[in-house]
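The values are calculated or read from the model by the stated rules, or taken from the named source; none is laboratory data. These numbers come from a predicted model, not from an experiment. A quick note on method: Cβ atoms are made from the backbone with ideal geometry, for glycine too, and the neighbour counts reach across all protein chains shown.
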Amino acid sequence: MKLHVFVHDKPVATLESADGFRHVMAYHPDVEPEQFVSLLMPVRTESYAYPDLHPIFRMNLPEGFLLSILQEQLGPQVGASPLNLLSVVGRNAIGRVKVAVPGADPTQPPVPFELAGILRGDNSEEAFVDLVRRYAVSGVSGVVPKFLSPNTLEEHGKGTLATDRHIIKGATARLPGVALNEHLCMEVSRQAGILTAKTEVSEDGQALVVHRFDFEDDGTTRKGMEDLCSLLLLRPEQKYESTWERVAGRIKDVVTIPDQQNAALSQLADLLLLTYALRNADCHTKNIALLYSSRESIVLAPVYDMLTITIYDDYAKNPPGMPIEGRSTWAPGKALERFLQIRCSVMPAETKERVERICEAIVQVTPQVIDAAGRYPGFHETAKRLLHAWNAGMNSLRLQKTWSLPSLGEAIEQARFSDVKPVVPTPREKIGRSPLLGKR
């Protein structure tokens, strides 16, 4: 199979695989240097051969829930090879790169989508699965069901507006209140002054709308985007198989202009502290990315996919997604301070200021958590666990005994959130053991 590769809707390369394993991408002879497909694949006459699908193309391939929906709709052969799957979803990937079959128009708009139906409609798990079935051919992979919504004209109170693309995330019984959880965590990030993707929650509290951030200021031109999983040459299923040291090192390798490198590492420091404060055990290499307009203009992407995952039964005992100094622990101590100083050039005094800023943001958002618990009965237990997790997270960032950080103890008591239900993990299925056999 052979596919065409586009940058800003202009053909720049071909991608093919003769045996389904080794993939080759070759640039066209007339391609300009700034039309590179990946930061790791500059324009050159020699082709790029890879033993698997190149990381930049594998980055947005659907998996899990979305892949099963695509196979249900289009047949099991869709997932038979990466190129087959890419031929279906490649025109709607995040970033400036598109992939399409020969003869396809990369500028053809996707199916119109009514965002108002999400924000004000039924977003139960059943309704959302039906919605995904109708709009499944998109390019986002993913712990919660999510997909891209195409550009469309929306009625937005005062007249008609052209909206950018959004990422829509739905409800799941395994993660009750996950939309509100993520929205409130993102609100903490915003209140802390950290660059953060904009989010909205549906009226029923069950769907999250994330505004896309891979557009230039003109609202139409796409920026390039590559996550650290791709930049570290990892497969998506290897997204946890890295370290914060390797992430920082690859950012230094790719972002070579000093001011931009310092800014990216400064943002990385904030992201790391936020991850510990909010107990986000799902911060891995696919949830950290670089955005760029050119090789001379590269920044760390805004915070996205930030949520307190450890409050859910099946994730309660999960450590941080990536280790520091070889250890994955929620009590990092001096290792965290050393990492920030050595890898991100953030001195201890500045670390203290950043920790205080994040903790103050948590305090500011706490009333919103309590209010949401009252408005959405299904979120009540999740909200209680959320505040307890945040309180523990803030306490874990007391890297020096002399630091005075706030506590949510009084707010938890006043809201009567003290009685948190114990964690009950889902029993693991024992493969290959007959239920007819007696218990061991």
**Report entry** Which numbered condition K198 fails, given (1) under 19 Å from Y304 (Cβ atoms); (2) at pLDDT below 90; (3) surrounded by fewer than 18 Cβ atoms within 10 Å (Cβ to Cβ)
**Finding:** (2)
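Can you pull out every residue in the stretch 17-29 that is at pLDDT 95 or above and not aliphatic (A, V, I, L, M)?
Residues satisfying the conditions are H23, Y27, H28, P29.
Okay, residues lined up against (1) surrounded by 15 or more Cβ atoms within 10 Å (Cβ to Cβ); (2) outside the structural domain of L386 (by the TED database); (3) in contact with a Leu (Cβ under 6 Å, 6 or more places away or on another chain):
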site	(1), (2), (3)
V299	yes, no, yes
T308	yes, no, yes
G321	yes, no, no
P332	yes, no, no
R354	yes, no, yes
I362	yes, no, no
P367	no, no, no
Report summary line: Filtering the stretch 191-223 down to residues that are within 16 Å of the chain's Cα centre (by Cα), assigned to a strand (DSSP E or B) and of a type outside the set (D, E) yields T196, T199, L208, V209, V210, H211
Report summary line: Of those in the stretch 157-178 that are of a type in the set (G, A, S) and in contact with a helix residue (DSSP H, G or I) (Cβ under 9 Å, 6 or more places away or on another chain), the residue modelled with the highest pLDDT is G177
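Only one of A277, A349, A263 is buried (at least 19 other Cβ atoms within 10 Å of the Cβ), hydrophobic (A, V, I, L, M, F, W, C) and either assigned by the TED database to the domain that holds S242 or under 30 Å from G224 (Cβ atoms) (or both). Can you tell me which?
After ruling out the rest, the residue left standing is A277.
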